[in-house]
1. Just to be sure I understand the curve: with the Debye formula and one point per C-alpha of the stretch 11-139, what is log10 I(q)/I(0) at q = 0.10, 0.11, 0.15, 0.21 Å⁻¹?
2. Please tell me the relative contact order of the chain in percent, rounded to the nearest whole number, where contacts are Cα pairs under 8 Å and at least six residues apart.
3. Report the far tail of the P(r) of the stretch 126-183, meaning the percent of Cα-Cα pairs longer than 17 Å.
4. Got the relative contact order for the stretch 11-139 handy, in percent, Cα pairs under 8 Å and 6 or more residues apart?
5. Using the Kirkwood radius over Cα pairs, work out the Stokes-Einstein diffusion coefficient for the chain at 37 °C and 0.692 mPa s, in µm²/s as a whole number.
6. Going by Cα centres, the stretch 53-106 and the stretch 126-181 are how many Å apart?
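What follows is calculated from the coordinates using simple rules that are stated; it is not laboratory data. The shown structure was predicted, so the numbers you read here are calculated from the model rather than taken from an experiment.
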């Protein structure tokens, strides 16, 4: 069983989640959104509270920025921050409008948000003014991943709860939702959350399904991969 590693591979992950405007621990009149129910296909109810560690945040920007602008400045921001976090570019679609944002993950406390916003401002990012949102939005996250490919399944080297497998063709989000609902109705196995993805590597663009789960066996993954590939 051969394993092939793909390091620093650009991916675009599309998913739909409920986000809410954060009204505390932020610079006044800036827009920070919080995912209210991360991985909704896996977790049945919201478990985010204002006292807990933030799960996923979006610092909303006034304008779109390029990948090179973002990562050049993120390098210096990481050096100046006195705490750990991960960041990626994202855009969110809501009410026929697109919002450009920085997705923040692995931040230990809400108390660091103001400082982090200031670091991005000092680095040249223009933050959006506050926008009130409490709704399900379509999210596209642009990030680099380290992946290990074994038996047609990409396993994340960064987070063992994420896996990806190819589906052979491009599919719209609406069609993907229909397929996922059908699979959930017929699937017998451990719980999972599904997103749509694109992996760019070795001059190749590969359409994939991203699966999140903490209890998925190899048999679960093989069944899900077979069902998605058949339906798509």
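1. Debye output, listed in q order: -0.29, -0.35, -0.67, -1.39.
2. About 27 percent, as a whole number.
3. When every Cα pair of the stretch 126-183 is considered, 64 percent fall beyond 17 Å.
4. 37
5. 176
6. Spelled out, the Cα-based centre of one part sits 16 Å from the other.
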